[in-house]
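Mind looking over this structure? Questions follow.
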Amino acid sequence: MTTLRSVPSGDSPEGTGGRSPAADPPDEVGPRLAELLRRSSLGDEQAFAELYDATSARLHGLVLRVVRNPAQAEEVTQEAFIEVWRTASRFDPARGSALSWLMTIGHRKAVDRVRSAEASSRRDTSYHQQTQQVDHDATADAVHTSLEAQRVRTALQALTPVQHEAVKLAYFGGYTHTEVATMLDLPVGTAKTRIRDGLIRLRDAMGVGQ
């Protein structure tokens, strides 16, 4: 496997092939990244190096927004690209863009890091705080929240694949409409329409307002 570079601080990383996404017409970026992923899945280290150079700054920016720690963000970004190298063969262009696939891996790694830090912090709390009795109202609230989450998961299955992906990124991933549009390689207006239509269908599936 190729040695990963340090995460660049700029927004326009130079690829080993002398090109960056900004150098390509917008309608060529997605196919080029998909092709680099395909070649990476075959063990092509040159293709992986180009993929890294073309996307690392954007992925690092997303990770940093989640973990809010520059040093940890760089570590998580490197971990994400290691997973990309190992699992590139799992990328399916029929299910979404290459950039969206990469960003999803980065976001998941960042969330895992945050959760790990939170779990460590909880372990450091006092025995009294960990074992204090939970009153009935708090228990009831927890059960209610769990049931609501199950209703949402069930309702999401009623959405089309494109609606599901857009709603998941916007309302469960915490991305803005502009970020969702970028990750899905869509115009902002189209991304907003998919999110809106998905929410309407989600509301209907859950029987909200009925």
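Every number here is computed from the coordinates shown, using simple stated rules; none is lab data. It should be emphasised that the depicted structure is a prediction, and the values quoted were computed from it without experimental measurement. Don't worry about glycine lacking a Cβ; one is built from the backbone with ideal geometry, like all the others, and counts go over all protein chains shown.
Please report the net charge: other residues with Cβ closer than 14 Å to the Cβ of residue 100, K and R +1, D and E -1. The partial results should precede the final answer.
Values: positive: 58, 90, 95, 108, 168, 194; negative: 92, 165, 179, 185.
Every neighbour counted, the sum reads +2.
On to the next question. Between residue 119 and residue 193, what length comes free when the chain is fully extended (0.36 nm per residue of separation minus the Cα-Cα distance, one decimal in nm)?
Numbers: separation 74, 0.36 × 74 = 26.64 nm, distance 3.75 nm.
Roughly 22.9 nm would be gained on extension.
Modelled label-to-label distance, residue 86 and residue 176, 7 Å Cα→beta-carbon offset: nm?
Those two pseudo-labels are separated by 3.4 nm.
Ordered by packing density, taken as the mean number of other Cβ atoms within 10 Å over each peptide's residues, highest first, how do 106-113, 54-61 rank?
Values: 106-113: 20.0, 54-61: 21.6.
The peptides rank, most packed first, as 54-61, 106-113.
What is the local net charge at residue 184, summed over the other residues whose Cβ is closer than 13 Å to its Cβ (Lys, Arg +1; Asp, Glu -1)? All intermediate terms of the calculation are to be shown ahead of the outcome.
Details: positive: 95, 168, 192, 194; negative: 165, 179, 185.
It works out to a net charge of +1.
Using each residue's phi in the stretch 98-113, evaluate 6.51 cos²θ - 1.76 cosθ + 1.60 at θ = phi - 60° and report the 3J(HN,Hα) Karplus result to the nearest Hz, with x for Gly and Pro.
Values, residue by residue: 4, 5, 4, 4, 5, 5, 5, 4, x, 5, 5, 5, 5, 5, 4, 5 Hz.
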